[in-house]
Structures are given as structure tokens and as C-alpha cells.
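The values are calculated or read from the model by the stated rules, or taken from the named source; none is laboratory data. From a predicted model like this one, the values you see are computed outputs, not experimental measurements. A quick note on method: Cβ atoms are made from the backbone with ideal geometry, for glycine too, and the neighbour counts reach across all protein chains shown. Note: accessible area is taken over every heavy atom of the protein model, side chains too, but ligands, DNA and RNA are not part of it. Shrake-Rupley method; radii C 1.70, N 1.55, O 1.52, S 1.80 Å.
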Amino acid sequence: MKMTPVFLILLIFWGNTLTAQEDDDMKDYGKVSGQLDSIYQSDQKVRFELMALKSKLDKATGQEKVALQQEFAASILTMQKNDSMNLRAVRAIIDEYGWLGPGKIGGQASQAMFLVIQHADIDVQKKYLPLIREAAEKGETSKSNLALLEDRIAIREGREQIYGSQVWVDPVTNTHYVDLLSDPDHVDERRAEVGLPPMEVYLKQAFGMEWDPETYKSDVLPKLKALKASAKK
């Protein structure tokens with residue numbers, strides 16, 4: 001087919017326009033990726049610092065304990081302010097671009113979006129749960145991320161968690177318990193389906209805890225329910 005000069009010019013114009021648009025998108029994603037990488041670092045930094053302080057606080061006595069308690073309280077406030085700023089930024093990104101998976105902005109930047117929502121209040125978590133569920137179905141975030149969010153929402157709503165990711169700490173004794181869990185006998189099967197390690201491995205590595213479903217059902221769960229009921233009074 002013989003193309004007229006005008007048609008050729010239009011093709012070139014459209015091609016250049018599409019290329020320019022793609023370049024603009026890449027530039028935008030690059031900027032967003034850098035912003036989210038910074039958010040990831042700030043989110044994790046304050047939490048690692050808190051874990052280190054908590055470890056020292058658990059071993060401290062006397063005036064050292066008092067000083068660490070004050071430092072810990074100040075760090076909690078810092079984390080809350082940081083989380084609030086990060087959430088505003090992530091909300092703005094989602095409003096403009098939707099959910100951005102690792103293929104567009106890299107794994108760490110995409111994970112930052114999830115972490116900020118995971119660390120937000122329950123209303124925010126519930127608002128973005130459908131978006132994260134859809135992202136998990138499309139492979140734009142991990143199924144394990146979705147599982148962690150579903151567990152956290154369930155516990156906050158007073159329901160039993162499914163994947164055993166949430167741990168409750170007795171404020172009086174500082175004892176750690178796997179929070180209310182549905183069907184403990186098959187939790188490892190559910191965890192495997194979403195790419196999470198077995199409970200025994202997870203609890204040992206993260207909290208130094210042991211896991212036995214029979215003990216959990218017969219001893220831990222009744223005690224946990226009583227302790228949580230008492231803590232609410």
C-alpha cells in the first residue's frame with residue numbers, strides 16, 4: 001500500500017508520542033521507586049531500633065530500666081510520626097498509579113507499599129485489602145503479604161487468624177503467645193500454600209518460641225483467651 005506524505009507524518013507523530021509517553025512513565029516510575037525505597041528504609045530502621053531497645057529493656061534494672069523506658073516511649077512516638085508521613089506518601093502514589101508491582105518499580109519499593117499499609121490502622125488496612133488481594137492474584141505482590149494482612153485484620157477484629165503470623169505479648173509478664181488461631185492442626189499446610197515457612201521455623205527464628213499444635217490447643221489457647229479477656233478489663 002502506498003502511503004501519502006501526510007499519513008507518514010501522522011505515523012511518525014504517533015510513534016514519537018507513544019515513545020515519549022513510555023519515557024515519561026519510566027521516568028515517573030524511577031522517581032516513585034526511589035521515593036518508596038527511602039520509605040522502606042525509614043519504615044524498617046525505626047523498627048529495628050525499637051527491637052534493639054526492647055531487648056535491652058527486658059534485661060535492664062533500676063535507673064537504666066527507667067531511662068530505657070523513656071527512650072522506648074520516645075521511639076514509639078517517632079515511629080508513629082514516621083508511619084503517618086509514609087502512609088500519606090503511599091496513598092498519593094496509589095491514587096495516581098494504582099498498585100505498583102516489582103516488575104515496575106523493583107521488589108523493595110513494591111514491598112514498601114505493602115509494609116506501610118500493614119503498619120497502618122485497621123480502617124486503612126481494610127480499605128486496601130481488596131487492592132492487595134487483586135495484586136496477589138496478578139503476581140504483583142506475594143501471597144504471603146496478603147496472608148499477613150488478612151491475619152492482622154482478623155486479630156484486630158477479634159476473629160481467629162488463619163496463618164499464625166500474629167503473636168500476642170502479655171503486658172504483665174512479657175510472655176509471647178501465638179494469637180488466636182483457627183485450626184492449628186493444619187496451619188502449616190495453609191502457610192505452605194502462600195509461601196510461608198512452617199510454624200516451628202517461623203516462631204523459633206522470630207521469637208525464640210516453640211510450636212506444638214496439641215499443646216497450643218490444650219494449654220496455650222485457653223490460657224491466652226483468659227489473659228486477653230483480663231487485659232481488656
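Is it the case that Gly107 is farther than 22 Å from Gln161 by Cβ, surrounded by fewer than 15 Cβ atoms within 10 Å (Cβ to Cβ), at pLDDT 95 or above and not aliphatic (A, V, I, L, M)?
The answer is yes for Gly107.
Can you name the residue in the range 110-124 that is touching an Asp or Glu at 6+ places or on another chain (Cβ under 8 Å) and more than 18 Å from Lys143 (Cα to Cα) and is also surrounded by the most Cβ atoms within 10 Å (Cβ to Cβ) among such residues?
In this case the residue turns out to be Ala120.
Restricted to the range 47-91, and to residues that are over 19 Å from Ala120 (Cβ atoms) and touching a Ser or Thr at 6+ places or on another chain (Cβ under 7 Å), which residue is least open to solvent (accessible area, probe 1.4 Å)?
Going through the qualifying residues, I end up with Leu53.
Could you tell me whether Gln44 is at pLDDT 90 or above, under 30 Å from Pro102 (Cα atoms) and not aromatic (Phe, Trp, Tyr)?
yes
Quick check, is Gln44 open to solvent by less than 20 Å² (accessible area, probe 1.4 Å) and either part of a helix (DSSP H, G or I) or within 26 Å of Ala192 (Cα to Cα) (or both)?
For Gln44, the condition - open to solvent by less than 20 Å² (accessible area, probe 1.4 Å) and either part of a helix (DSSP H, G or I) or within 26 Å of Ala192 (Cα to Cα) (or both) - is not met.
Taking only pairs six or more apart or across chains, which ones have beta-carbon atoms under 8 Å, a first residue in the range 53-81 that is farther than 25 Å from Leu115 by Cβ, and a second residue that is aliphatic (A, V, I, L, M) and assigned to a helix (DSSP H, G or I)?
Partner pairs satisfying both residue conditions: Ala60/Leu68; Lys65/Leu57; Leu68/Leu53; Leu68/Leu57; Gln69/Leu57.
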